[in-house]
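Bear in mind that the values in this text are calculations on the coordinates, not laboratory data. Note that the coordinates shown come from a computational prediction; the quantities given were computed from them, not determined experimentally. Neighbour counts are summed over all protein chains in view; Cβ atoms, including those assigned to glycine, are modelled from backbone coordinates with ideal geometry.
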Amino acid sequence: MLSFFVSCHHFIRANIIRYSFFGLKEAFGSAPSWHLWLRYSTFLVLYPTGISSEVGLIYFALPYIKASEKYCIRMPNKWNLSFDYFYAAVIALGIYVQVVLTCTVICSVRGRELCANRKRSENTGAEFTKL
């Protein structure tokens with residue numbers, strides 16, 4: 001149960017930061033530099049804990065999924081197709097880790113580039129318009 005609340009909390013917090021950044025950018029043409037930093041830095045704390053909560057939710061649900069056989073399709077049937085939700089969840093857990101690591105690296109690199117571009121444009125006096 002704790003995993004659910006932690007996951008929701010981090011998701012809400014990340015979206016508040018993300019969409020307030022977009023709102024400021026749309027309303028005023030750009031967002032403050034501290035907000036850019038906040039957007040690309042909070043993921044270092046929020047995403048790993050939020051993602052571990054999501055993985056925990058799936059992991060704790062595995063015994064129930066296996067026992068209930070909910071969302072499973074067994075053979076024989078008119079489609080000649082078999083699907084086991086338990087094994088799909090296990091495979092998703094394995095893939096999830098790789099996807100999350102890749103996205104974290106991409107977001108980290110993008111954040112550093114954008115913050116460096118913002119500092120460079122502030123030092124030269126040029127207007128920073130592209131994000």
Task: Helix 43-68 axis, angle to the chain major axis (alpha carbon atoms, nearest 10°) - done: 10 degrees
TODO: Would you please give the FRET efficiency between TYR87 and ILE12, computed as 1/(1 + (r/R0)^6) with r the Cβ-Cβ distance and R0 = 25 Å, to the nearest 0.05?
DONE: 0.20
- [ ] Have a look at ILE17, ILE91, ILE65 and tell me which one the Gaussian network model of the chain (Cα, springs below 10 Å) gives the largest fluctuation.
- [x] ILE91
Task: For the stretch 68-88 versus the stretch 16-48, the gap between their alpha-carbon centres in whole angstrom - done: 43 Å
Task: Most mobile of ILE51, ILE73, ILE16 in a GNM of the chain (Cα contacts under 10 Å) - done: ILE73
- [ ] Using only Cα atoms, tell me the angle between helix 85-124 and the longest principal axis of the chain; keep it within 0 to 90° and round to the nearest 10.
- [x] 0 degrees
Task: Among PRO76, LEU44, VAL105 the positive-end extreme of the charge dipole of the chain (Cβ point charges) - done: VAL105
